[in-house]
Amino acid sequence: MRLDMLVCTALLVMGMCLSAELLESSALIFPEIAALAFGAWATKARPWMATNLDMWLSPSVAGVVGIAVGRWLPLPFACQAAAAFALVLAWLWVTRSAVLPSISAAILPLVAGETSWIYPLSVCVFTGIIMLVCYILDWRGLGNYTRVALKSPPTLSAGRQAFVSLLRWGRILAIATFVAWLSRHIGWRFLLAPPLIIACITFVSPGGPFRSRPVALYLVVVACASLGAGLAWCAWQGWMPLFLAAGLACMGSFLVFQRASLPCPPAAALSVLPTIVPEALIPWYPLHIAAGAAVFFVLGALLFPAKATA
């Protein structure tokens, strides 16, 4: 991980949260900015296949989808979450994009109850900054986007491969929909913290670093969420500004990654998410994340056995 770009990531998050404080609008905060900037700037290779344009366009479109579903689709929460997930997945498939945090961009306003169009505008602006910095890094020969040709197993036809992909994403959608229902059933809103969906998707991918270290992944997720909650609580007590708490949470999550030797972009987003959590829920946020991560990872392990190829 590149220290200079880690600092730039934290500064971008601080700028986003400072804008929200000055304009008194939490709709400006998109926690996955921490994950996107970390993956695009600070790692040796991006954790997803995504061009610079993808980094801006897909999350921006997903933000619009999330607000539109919340405003105009009068369905139970679990159905809204499933619809937003499916629509963004369709967009990623059509555009051949792999910016998985886009799914989080669509689910977040549903979880947070956000309906302002300021939210997708903010996503557009801050992912645009990420894209511009990526172009500068590429121009200087420091970019980390490696064009990798994804190859299907030679034994599978195109139709069979499409079926396998549909089956895989169907199971992931089923997990997310179940957790969405469970979160409302028991009243634990952040059981469905959107970055947990992204962590689960990466966890069930065969051959990935998360799959081989599930306990480490779980501990990293909970540690980063707890760190973010603690710093957000300090901000609520007036001990520091919220934007500073967000920046410190980012840098702290990077130290957790270094200590665990497991870079996890969704965990960085989970450390920033407490900036939009209501004050009364801050002490409970780590418990919500710990329980939600356990449900996601256990169901992921059950529905995606280690030896499965799908």
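The values are calculated or read from the model by the stated rules, or taken from the named source; none is laboratory data. A quick note: this is a predicted structure, and the numbers were derived from the prediction, not measured. Neighbour counts are summed over all protein chains in view; Cβ atoms, including those assigned to glycine, are modelled from backbone coordinates with ideal geometry.
At-a-glance table
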read-out	value
First in the stretch 138-164 and more than 25 Å from ASN52 (Cα to Cα), second anywhere and modelled with pLDDT under 80 and assigned to a loop (DSSP other than H, G, I, E, B), Cβ under 8 Å, 6 or more apart	PRO153/THR309; ALA158/SER152; GLN161/SER152; GLN161/PRO153; VAL164/LEU156; VAL164/THR309; VAL164/ALA310
Whichever residue in the stretch 25-77 is more than 12 Å from LEU100 (Cα to Cα) and polar (S, T, N, Q) and, among such residues, is modelled with the highest pLDDT	SER60
Sole exception among (1) of a type in the set (Phe, Trp, Tyr); (2) touching a Pro at 6+ places or on another chain (Cβ under 9 Å); (3) modelled with pLDDT under 95 for PHE210, by number	(2)
Neighbours by Cβ (under 6 Å, 6+ apart or cross-chain): first from the stretch 295-306, among the aromatic types (Phe, Trp, Tyr); second outside any helix (DSSP H, G or I)	PHE304/VAL204
Output for the stretch 180-194, where each listed residue is in a helix (DSSP H, G or I) and under 14 Å from ALA81 (Cα atoms)	ALA180, TRP181, LEU182, SER183, ARG184, ARG189, PHE190, LEU191, LEU192, PRO194
Helices (runs of 4 or more DSSP H) contained entirely in the stretch 5-105, each with at least 1 residues that are surrounded by fewer than 24 Cβ atoms within 10 Å (Cβ to Cβ) and in contact with a helix residue (DSSP H, G or I) (Cβ under 9 Å, 6 or more places away or on another chain)	52-72, 77-95
Residues (under 23 Å from PHE30 (Cβ atoms) and aromatic (Phe, Trp, Tyr)) located in the stretch 213-258	TRP233, TRP236, PHE243, PHE254, PHE257
Condition met for GLY228 (within 22 Å of ILE107 (Cβ to Cβ) and modelled with pLDDT under 95)	no
Tabulated pairs, the stretch 86-112, first without any contact (Cβ under 8 Å) to a residue 12 or more places away in the chain, second in a loop (DSSP other than H, G, I, E, B) and polar (S, T, N, Q), C-beta under 6 angstrom, 6+ apart or interchain	none
Candidate set: the stretch 113-137, residues that are in contact (Cβ under 8 Å) with a residue 60 or more places away in the chain and not in a helix (DSSP H, G or I); chosen: the one surrounded by the fewest Cβ atoms within 10 Å (Cβ to Cβ)	SER116
Leading residue by the ranking (surrounded by the most Cβ atoms within 10 Å (Cβ to Cβ)) among those in the stretch 143-173 that are at pLDDT 85 or above and of a type in the set (Lys, Arg)	ARG168
